[in-house]
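The values are calculated or read from the model by the stated rules, or taken from the named source; none is laboratory data. Please read these numbers as outputs of a predicted model, since none were measured by experiment. Ideal geometry is used to build each Cβ from the backbone, glycine not excepted, and the neighbour counts take in all protein chains shown. The protein model used for the area step is the full one, side chains on, heavy atoms only, and it has no ligands, DNA or RNA in it. Shrake-Rupley method; radii C 1.70, N 1.55, O 1.52, S 1.80 Å.
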Amino acid sequence: MKEIKKYADQWDVSAQYFYDKGDYSWMAQKLTDYSTVVELGCGTGYSTLALAEKGFKVLAVDKNTACLSKAKELLGSKGITDSQVIFIEGDITDEDFRKNLIALYKFDVVICWNVGSYWGKEMVQYYVPHMLRYGLNIQQIRENPESSYSELIIWEVCRLAKSMNVSAHIVDRNAEIINEKNDPYYYMLKNEFEYSEIMYDNLIANSISDGGRVLTTNGTVNRSNKIDIVFVSILMR
Ligand SMILES: C[S@@+](CC[C@H](N)C(=O)[O-])C[C@H]1O[C@@H](n2cnc3c(N)ncnc32)[C@H](O)[C@@H]1O
């Protein structure tokens, strides 16, 4: 519980920073043809707020109850009502959760922004069987738990989106620009899930690491205050 709360407090600082700089607004602008968004991993709600402000109806999902509480408080304080944003506690890797979501709601895009992060050894251990089923091996998971977890989540997002025949929008924080020329991964997903189109965009940005949620890139923990990052936007449809 302590870890969950600490994660929420740290992420809240990072997320507010991104919101204030207009980064979430940039992400939301990529979703031009949709009305109802499933947001997987809504965090403390700053991304959800940007979506609601653009007029989307949002089904905001997170498994961290401390994040969800903060998100509800934030959107309530901005006058966003239940008719615009529905908060749902759930884990994207849980099959029953996905089945219920599909049975209960209609949506036309599934989004997953900046989700590949975890808050402790125990959490990673819980997901090891899922990562193995997805196709990673123990060595890969041990060497880079953060990227392994991220890959698992992105794959689950595509699986959910494709099962409903809707688009998937991923935003990931990266050290460099990714496009069709150097894409190491997403194009493979496009083919695996038989999407007909993949659209890339990049936003040069920065993140507070120490002081907000500490950022780990390629297995390295970054302790500097401000670090350069690229938000990579991938829309598959
Ligand atoms: C780094 S935050 C990003 C939040 C938001 N998307 C944003 O860009 O501000 C990642 C969020 O994803 C949630 N998350 C991670 N794994 C998840 C899972 N398996 N199911 C549901 N939520 C998850 C975490 O609890 C956390 O709140």
Taking helices (runs of 4 or more DSSP H) that fall entirely within the range 54-149, which contain at least 3 residues that are closer than 28 Å to TRP26 by Cβ and not aromatic (Phe, Trp, Tyr)? 65-77
In the list ASP201, ASP228, which residue meets the criterion of being over 21 Å from TYR7 (Cα atoms) and modelled with pLDDT under 90? ASP228
Boolean, THR44 is at pLDDT 95 or above, hydroxyl-bearing (Ser, Thr, Tyr) and within 16 Å of LYS72 (Cα to Cα): yes
Extreme residue, farthest from the ligand (Cβ to nearest atom), among residues of the range 22-38 that are more than 15 Å from MET236 (Cα to Cα) and touching a helix residue (DSSP H, G or I) at 6+ places or on another chain (Cβ under 7 Å): SER25
Between a first residue in the range 70-90 that is more than 16 Å from the ligand (Cβ to nearest atom) and a second residue that is open to solvent by less than 70 Å² (accessible area, probe 1.4 Å) and not in a loop (DSSP other than H, G, I, E, B), which pairs have beta carbons less than 6 Å apart while being 6 or more apart in sequence or on different chains? GLN84/ALA52
Considering each of SER47, SER14 in turn, give the residue that is within 12 Å of the ligand (Cβ to nearest atom), surrounded by 24 or more Cβ atoms within 10 Å (Cβ to Cβ) and either within 14 Å of the chain's Cα centre (by Cα) or under 27 Å from MET123 (Cα atoms) (or both). SER47
Could you list, in sequence order, the residues of the range 160-193 that are of a type outside the set (A, V, I, L, M) and touching a residue at least 40 places away in the same chain (Cβ under 8 Å)? SER163, SER167, HIS169, ASP172, ARG173, ASN174, GLU176, TYR186, LYS190, PHE193
So which pairs qualify, if the first residue must be in the range 132-156 and among the polar types (S, T, N, Q), the second must be within 15 Å of the ligand (Cβ to nearest atom), the Cβ gap must be under 8 Å, and the two must be at least 6 apart or on different chains? GLN140/SER148; SER147/GLY116; SER148/MET131; SER150/VAL115; SER150/GLY116; SER150/SER117; SER150/ASP172
Please work out which one of (1) touching an Asp or Glu at 6+ places or on another chain (Cβ under 6 Å); (2) in a helix (DSSP H, G or I) is the condition ALA15 fails and give its number. (1)
For ASP9, which of the numbered conditions (1) in contact with a Phe, Trp or Tyr (Cβ under 9 Å, 6 or more places away or on another chain); (2) within 13 Å of the ligand (Cβ to nearest atom); (3) open to solvent by 40 Å² or more (accessible area, probe 1.4 Å) fails to hold? (1)
For the range 150-201, give me each residue that is among the hydroxyl-bearing types (Ser, Thr, Tyr), in a loop (DSSP other than H, G, I, E, B) and under 30 Å from TYR126 (Cα atoms). TYR185
When residues of the range 71-123 are limited to those that are basic (Lys, Arg) and under 18 Å from MET164 (Cα atoms), the one least open to solvent (accessible area, probe 1.4 Å): ARG98
Residue by residue through the range 145-171, note down the ones that are open to solvent by 30 Å² or more (accessible area, probe 1.4 Å) and within 12 Å of the chain's Cα centre (by Cα). GLU151, TRP155
